[in-house]
Amino acid sequence: MRRLVLLALIGLVAQLVDGSLGMAYGVTSSSLLLMFGIAPAVVSASVHMAEVVTTAASGVSHIRFGNVDKQVVYKLIIPGSIGAFLGACFLGSIPGDVIKPYVSFFLLLLGVFVIYRFLFKFNPAQQLSKKTMPKKHFLPLGFIAGFFDATGGGGWGPIATPVLLTSNRMEPRKVIGSVDTSEFAIAVSSTLGFLITLGWSQINIQWVIALIIGGIIAAPIAAWLVKIIPTNLLGTLVGGIIIITNIRTLLAALDVSYLGSLYTYIVLAALWMIAVGNVVWKIRKNSYSNQQRRLKSL
């Protein structure tokens with residue numbers, strides 16, 4: 001029962017982050033589930049089965065709050081679904097102990113990228129381009145994001161959201177809402193792939209239900225929070241969580257000593273706090289600058 005409550009909390013936190021950032025449900029929940037020693041394929045299958053429901057709830061919430069560009073959703077779901085199905089079949093055919101360190105390494109890289117993206121590249125005041133992204137760009141983006149989402153337990157948001165944000169052609173809230181809504185199709189395709197390769201016996205339905213309950217509770221809250229929480233701050237916090245949770249598996253695979261692991265955690269935590277402090281300082285600086293401009297205009 002304690003584990004089920006913990007899983008529900010994981011689902012709640014992961015969906016809260018994902019719904020307000022457009023990424024990290026799969027990465028966050030997969031990272032935490034891997035800490036329990038669960039096989040990567042089972043982790044990814046459980047997470048994606050839960051996402052079938054949580055992404056549907058999140059998508060409905062984002063649509064109701066006007067955070068979705070339906071044309072972008074339509075362009076992403078077909079290549080994304082194909083990539084997710086193939087990725088699920090690939091992961092399900094590989095022994096868990098062999099792939100686990102590589103999955104953790106992939107998730108760790110995503111965490112580093114998330115921090116880098118929102119610490120150095122994110123600019124909420126940047127003017128949007130009037131040009132739309134060419135349709136041909138959505139094909140490789142959707143396929144790659146879908147494939148890595150299934151193989152890594154997460155990756156749809158961390159890959160698709162930053163790419164669409166850096167294109168500077170959509171409002172951040174529309175990017176987040178559209179990516180979150182299209183993830184429903186990716187979750188369905190991944191789940192079908194895992195069921196074909198793993199079967200129902202390898203999936204713990206209780207874990208899935210616990211993740212779903214937490215995710216459903218968080219979905220409407222996250223869709224509302226996307227308008228009020230500084231996106232770069234949330235992205236930096238999530239990136240740090242992803243790195244810290246996945247470095248444990250890598251250190252164990254490399255047989256690093258307890259003292260070496262401790263130093264690694266201390267250094268990473270210090271760098272993470274510096275990054276968070278830098279983002280908070282930027283937010284306050286921008287807020288002060290905006291106040292000064294308003295005062296001068298009066």
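Against the condition in contact with an Asp or Glu (Cβ under 9 Å, 6 or more places away or on another chain), part of a helix (DSSP H, G or I) and at pLDDT 65 or above, how does Ala84 come out, does it pass?
Spelling it out, Ala84 is indeed in contact with an Asp or Glu (Cβ under 9 Å, 6 or more places away or on another chain), part of a helix (DSSP H, G or I) and at pLDDT 65 or above.
Give all pairs with beta carbons closer than 9 Å in which a residue from segment 61-78 that is of a type in the set (Ser, Thr, Tyr) meets a residue that is crowded, with 17+ Cβ neighbours inside 10 Å and assigned to a loop (DSSP other than H, G, I, E, B); count only pairs at least 6 apart in sequence or on separate chains.
Ser61/Asn67
Working only within segment 141-182, note down all residues that are at pLDDT 80 or above and polar (S, T, N, Q).
Ser178, Thr181, Ser182
Could you please tell me which pairs satisfy a Cβ distance under 6 Å, a separation of 6+ or placement on different chains, a first residue in segment 103-128 that is farther than 19 Å from Leu164 by Cβ and in a helix (DSSP H, G or I), and a second residue that is charged (D, E, K, R) and modelled with pLDDT under 65?
none
Only one of Val53, Val68, Val27 is at pLDDT below 70 and in contact with a helix residue (DSSP H, G or I) (Cβ under 8 Å, 6 or more places away or on another chain); which?
Residue meeting the stated conditions: Val27.
Inspect segment 280-296 for any residue being surrounded by 10 or more Cβ atoms within 10 Å (Cβ to Cβ), touching a residue at least 60 places away in the same chain (Cβ under 8 Å) and part of a helix (DSSP H, G or I) and give the result as yes or no.
yes
How many of the residues making up segment 102-140 are at pLDDT below 75, of a type in the set (Phe, Trp, Tyr) and within 16 Å of Val175 (Cβ to Cβ)?
Qualifying residue count for the region: 2.
The values are calculated or read from the model by the stated rules, or taken from the named source; none is laboratory data. Just so it is clear, the model here is predicted, and its values are computed rather than measured. Here the Cβ is made from the backbone with ideal geometry for all residues, glycine too, and neighbour counts use every protein chain on show.
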